[in-house]
Every structure is written in C-alpha cells, then in structure tokens.
Amino acid sequence: MGAIEDRLYARARAHALAAVCMLAMAIAVALLAAPSRALAAVVDHFTVGQEFSKTGMVPEELSSTFTYQLTRVEGRDGVAPLPANAEGDTYTFTLDGDTSKDISLTLGNTAAADALTFSHAGVFSYQLRCVTDPSGTEGLTVDDTVYDVEIEVNNADDSLAVSHVVIRRESDGYKPDAASFSHSFEGQPEPVP
C-alpha cells in the first residue's frame with residue numbers, strides 16, 4: 001500500500017501546485033487588466049517637433065519658421081476643445097528652427113491659451129499638419145505629413161483624468177511618441193574657390 005499512497009500523494013501535490021499556479025496567473029491577469037493609479041503615468045501634454053536642414057547656399061532672408069494647425073474633428077463625444085487663442089475650429093502656432101513644442105492638456109471649465117482644456121470625459125479627435133506654403137521659395141521642401149491625434153479623458157474618483165494620447169500618422173497608421181516634421185532647404189551649390 002505504500003506505493004499507492006505515494007502515487008496519491010504525488011497526484012494531490014501536482015493538483016495543488018496546478019491550482020496555486022492558476023490562482024497566481026488569475027491574480028496577475030487581474031492586476032494587468034485593472035487600471036492602477038500607482039502605475040498610471042500622468043498625461044499632461046503631447047509634443048510636436050520639427051527639424052529644418054539646409055544645404056548649399058542659403059539666402060539670408062530664408063525663414064526657419066513654420067506654421068502648424070491643429071484642427072478639431074467632431075467625434076462621438078462632441079466637439080473637441082481648443083485653446084482660448086484659437087480661431088474657429090483651428091489652433092495655429094509656429095515653430096522656429098530645430099525645436100519642439102508641448103501642447104498642454106488641462107482639465108477644467110475655462111479654456112486657457114496654448115492648452116487644450118477638457119471639461120468632460122470622452123474621446124476627442126484632432127488633425128495636425130504644417131501649413132507653410134513652400135511655393136514662393138525655390139528649394140524649400142515642407143513636410144506635408146498629417147497626424148490624427150486622439151485624446152481620451154476619463155472620469156476618475158469624481159474628477160477627470162487624461163488617460164492617453166494617441167498620435168497616428170494618417171498615411172500609414174504608424175503611431176510615434178510625438179508628431180515630428182522634417183523640412184529642408186536645398187540651395188545652389190557653394191562656389192568652388
């Protein structure tokens with residue numbers, strides 16, 4: 001009877017170990033699936049960056065300032081908010097040289113200049129593009145990438161919180177961490193002395 005008892009004990013031990021493993025797996029899945037304030041990062045902005053490369057002879061009057069527009073798109077949760085200094089459905093701003101700008105995301109009922117202020121929960125959509133016209137400057141190439149920007153605001157403990165920002169390049173669906181634009185100017189070759 002010793003061998004039978006050993007097999008029963010081994011089988012019971014294997015079942016107990018399997019039950020413990022399944023319980024640990026269920027706890028791990030529950031922790032990963034549940035939102036956690038301790039693990040969640042605060043989302044308070046998204047970034048728009050630009051690079052401007054120049055080669056050859058560059059005229060002194062060449063501007064390195066480019067104009068951008070963030071246009072709200074009406075979605076399932078209504079009209080997306082814009083900064084107080086926006087005009088109509090569009091917020092216009094400029095970047096100069098190799099630089100970036102953080103578009104602030106705030107919560108409340110009063111729109112602020114240069115910030116998107118959300119007063120209720122929802123998913124809010126925008127399109128971002130550079131609108132500088134290169135046609136008047138020979139050799140200037142302006143990046144015509146269009147980005148779709150989606151911002152989700154949730155109710156959290158009787159207050160609002162921006163849960164995430166998704167930036168998606170419209171042409172191929174790529175989701176970078178920031179919207180970036182690469183402009184260039186190719187002037188006439190430098191004269192050889």
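The values are calculated or read from the model by the stated rules, or taken from the named source; none is laboratory data. Everything numeric in this text was worked out from a predicted model, so none of it was measured. Here the Cβ positions follow ideal geometry from the backbone for every residue, glycine too, while neighbour counts run over all protein chains shown. Side chains are part of the model used for accessible areas, which takes the heavy atoms of the whole protein and leaves out ligands, DNA and RNA. Shrake-Rupley method; radii C 1.70, N 1.55, O 1.52, S 1.80 Å.
Of the residues that sit in the stretch 99-114 and are aliphatic (A, V, I, L, M) and modelled with pLDDT of 95 or more, which one is surrounded by the most Cβ atoms within 10 Å (Cβ to Cβ)?
Within the stretch 99-114, the subset aliphatic (A, V, I, L, M) is 103, 105, 107, 111-113.
Cutting the leftovers down to modelled with pLDDT of 95 or more gives us 103, 105.
Details: Ile103: 22, Leu105: 20.
Filtering the stretch 99-114 for residues that are aliphatic (A, V, I, L, M) and modelled with pLDDT of 95 or more, the one surrounded by the most Cβ atoms within 10 Å (Cβ to Cβ) comes out as Ile103.
Only residues that are surrounded by fewer than 17 Cβ atoms within 10 Å (Cβ to Cβ) and small (Gly, Ala, Ser): list them for the stretch 134-147, please.
Correct list: Ser135, Gly136.
In the stretch 148-177, which residues are open to solvent by less than 40 Å² (accessible area, probe 1.4 Å) and either of a type in the set (Ser, Thr, Tyr) or at positive phi (or both)?
Gly173
Got a number for residues in the stretch 178-193 being open to solvent by 80 Å² or more (accessible area, probe 1.4 Å) and either at pLDDT 95 or above or on the phi > 0 side of the Ramachandran plot (or both)?
Qualifying residue count for the region: 1.
Quick one: which residue in Ser163, Ser184 is under 22 Å from the mean Cα position of the chain (by Cα) and among the hydroxyl-bearing types (Ser, Thr, Tyr)?
None of the other options fit; the residue is Ser163.
Is the stretch 96-108 home to any residue that is assigned to a strand (DSSP E or B), within 14 Å of Ser180 (Cα to Cα), in contact with a strand residue (DSSP E or B) (Cβ under 8 Å, 6 or more places away or on another chain) and of a type in the set (Lys, Arg)?
The answer is yes, given that some residue of the stretch 96-108 is assigned to a strand (DSSP E or B), within 14 Å of Ser180 (Cα to Cα), in contact with a strand residue (DSSP E or B) (Cβ under 8 Å, 6 or more places away or on another chain) and of a type in the set (Lys, Arg).
For every residue, the table says whether it meets (1) modelled with pLDDT under 60; (2) within 24 Å of Val153 (Cβ to Cβ).
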{"position": "Leu17", "(1), (2)": "yes, no"}
{"position": "Met22", "(1), (2)": "yes, no"}
{"position": "Leu32", "(1), (2)": "yes, yes"}
{"position": "Val42", "(1), (2)": "no, yes"}
{"position": "Thr47", "(1), (2)": "no, yes"}
{"position": "Glu51", "(1), (2)": "no, no"}
{"position": "Glu60", "(1), (2)": "no, no"}
{"position": "Phe66", "(1), (2)": "no, no"}
{"position": "Glu74", "(1), (2)": "no, yes"}
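Kindly evaluate Val131 against the criterion of being open to solvent by 30 Å² or more (accessible area, probe 1.4 Å), hydrophobic (A, V, I, L, M, F, W, C) and touching a residue at least 40 places away in the same chain (Cβ under 8 Å).
When the stated conditions are applied, Val131 passes them.
Within the stretch 59-76, can one find any residue that is surrounded by fewer than 17 Cβ atoms within 10 Å (Cβ to Cβ), under 24 Å from Ala178 (Cβ atoms) and among the acidic types (Asp, Glu)?
no
When Asp96 is evaluated against the numbered criteria (1) modelled with pLDDT of 95 or more; (2) crowded, with 16+ Cβ neighbours inside 10 Å, which criterion, by number, is the only one it fails?
The number of the failed condition is (2).
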